[in-house]
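The block underneath contains the structure these notes are about, expressed in structure tokens.
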Amino acid sequence: MNTIQDIILGIKDESENMEVISLNAMVVSIRSGKEGQAFSYITANLKQSSKRLIKQSDALIQYEDTVQTLLKDLENEIQQVNTLNTQSASQQKVENSEIIAAATKISDTLHEMVNSSKTIKQPIVKAMEGIQIQDIIRQSLDDILLAIQKIKEPDTSLTPEKKLEQYTTN
């Protein structure tokens, strides 16, 4: 940007020099009288052109200063974004490592539970077999008690064959 400002300042200097030259030429044309009138018209136009160039140069310098300020502000904003980006990335790495650590801990705990369940599986199976046997015995005893309740005392007047028939049919 310095080269642009240097060019604009060069244009302004040349315009100021042209204005001084046009003033000198105006003085010469006035001294010349009627013969210098055409020359005076040209120098007046030259003077107006140089004044416009000076104004435009001043406006460009002011605009260039504004652009410089805006560029510095933009650079600061970009730097802040980069800083936030870096902080966010490092924070995300920390959060990711915490998540990975927690997942690893959970995985290790689950593996321990699986291994523990393998060691207690056999005693549980034996206990369940014992419970099943107890259940079978209880059902059998219940069936026997029901059968005994159904058995009636046989009539003593019956023959042994009739008694046997009575027991088997009830």
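The set of residues from the stretch 53-73 being under 33 Å from the mean Cα position of the chain (by Cα) and either loosely packed, with under 11 Cβ neighbours inside 10 Å or closer than 21 Å to Glu19 by Cα (or both) comprises Thr69, Leu70, Lys72, Asp73. Of all residues in the stretch 143-159, none satisfies being hydroxyl-bearing (Ser, Thr, Tyr) and surrounded by 10 or more Cβ atoms within 10 Å (Cβ to Cβ).
Scanning the stretch 67-80 for any residue that is in a helix (DSSP H, G or I), at pLDDT 80 or above and among the hydroxyl-bearing types (Ser, Thr, Tyr) turns up at least one such residue.
Residue by residue, here is whether (1) of a type in the set (Ser, Thr, Tyr); (2) open to solvent by less than 40 Å² (accessible area, probe 1.4 Å); (3) touching a helix residue (DSSP H, G or I) at 6+ places or on another chain (Cβ under 9 Å); (4) assigned to a helix (DSSP H, G or I) holds:
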residue	(1), (2), (3), (4)
Ile4	no, no, yes, yes
Glu14	no, no, yes, yes
Leu23	no, no, yes, yes
Ser29	yes, yes, yes, yes
Gly33	no, yes, no, yes
Gly36	no, yes, yes, yes
Phe39	no, no, yes, yes
Ile42	no, no, yes, yes
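Quickly run through the stretch 15-32 and pick out the residues that are of a type outside the set (Gly, Ala, Ser) and without any contact (Cβ under 8 Å) to a residue 12 or more places away in the chain. Those that are of a type outside the set (Gly, Ala, Ser) and without any contact (Cβ under 8 Å) to a residue 12 or more places away in the chain: Asn17, Val20, Asn24, Val27, Val28, Ile30, Arg31.
Considered as a group, the residues in the stretch 61-75 that are free of Cβ contacts under 8 Å to residues at least 24 places away in the same chain and of a type in the set (A, V, I, L, M) include one that is farthest from Lys12 (Cα to Cα), and that residue is Leu74. Checked against the criteria, Ser90 does not count as in a helix (DSSP H, G or I), polar (S, T, N, Q) and open to solvent by less than 60 Å² (accessible area, probe 1.4 Å). Of all residues in the stretch 94-103, at least one satisfies being among the hydroxyl-bearing types (Ser, Thr, Tyr) and either modelled with pLDDT under 85 or surrounded by fewer than 10 Cβ atoms within 10 Å (Cβ to Cβ) (or both).
The values are calculated or read from the model by the stated rules, or taken from the named source; none is laboratory data. Keep in mind it's a predicted model, so treat the numbers as computed, not measured. Cβ atoms come from the backbone with ideal geometry, glycine included; neighbour counts cover every protein chain shown. For accessibility, only protein heavy atoms count, side chains too; no ligands or nucleic acids. Shrake-Rupley method; radii C 1.70, N 1.55, O 1.52, S 1.80 Å.
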